[in-house]
Amino acid sequence: MSSVQYVIDAPIFGHGIGSFGVLYVGEDIRSYPHNIVLELGVEGGLVAVILFAAFSGWCLLCAVHNRHRDPHLIGVTVAVWVYLFANAMVTGDLSTNRMLFAGTALLLAISSIQPHPVNPLADDLLGR
């Protein structure tokens, strides 16, 4: 049976965290569908997928909305997050994709960075 069929069988709340191995192999072993969205769908249902998409999307929007504060830092961080998400779509389970979750938190953190205040005295001393 495919992961999509498991999502269809329990669409709202899924089959439970860590249940993919039991469903797919028939044993309680560490097994996963090599796709974070499918894993969230199978194990947590649409509730988990929607929460993940909403939180990740919100963090991305916050970072992009505040890109004028430090465009290079935010641009690099968004690019790294996109890479981590693409990687999570083809390999790893929830626990091995912890870098994706750390990257998501980093997006939120850098979006709240305040620009350096203008200090005319420092600018005069530094010759700016």
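Being of a type in the set (Gly, Ala, Ser) and either in contact with a His (Cβ under 7 Å, 6 or more places away or on another chain) or touching a residue at least 12 places away in the same chain (Cβ under 8 Å) (or both) is a description that applies to residue 18.
From the list 29, 36, 12, 110, the one residue that fits, being in contact with a Gly (Cβ under 9 Å, 6 or more places away or on another chain) and buried (at least 19 other Cβ atoms within 10 Å of the Cβ), is 36. Among residues of the range 27-47 being in contact (Cβ under 8 Å) with a residue 60 or more places away in the chain and outside any helix (DSSP H, G or I), the one that is nearest to the chain's Cα centre (by Cα) is 32.
The condition of being in contact with a Phe, Trp or Tyr (Cβ under 8 Å, 6 or more places away or on another chain), within 28 Å of residue 10 (Cα to Cα) and modelled with pLDDT of 95 or more holds for residue 47.
The values are calculated or read from the model by the stated rules, or taken from the named source; none is laboratory data. Remember, it's a predicted structure, so these values are computed and weren't measured experimentally. Using ideal geometry, Cβ is built from the backbone for each residue, glycine included, and neighbour counts are taken over all protein chains shown.
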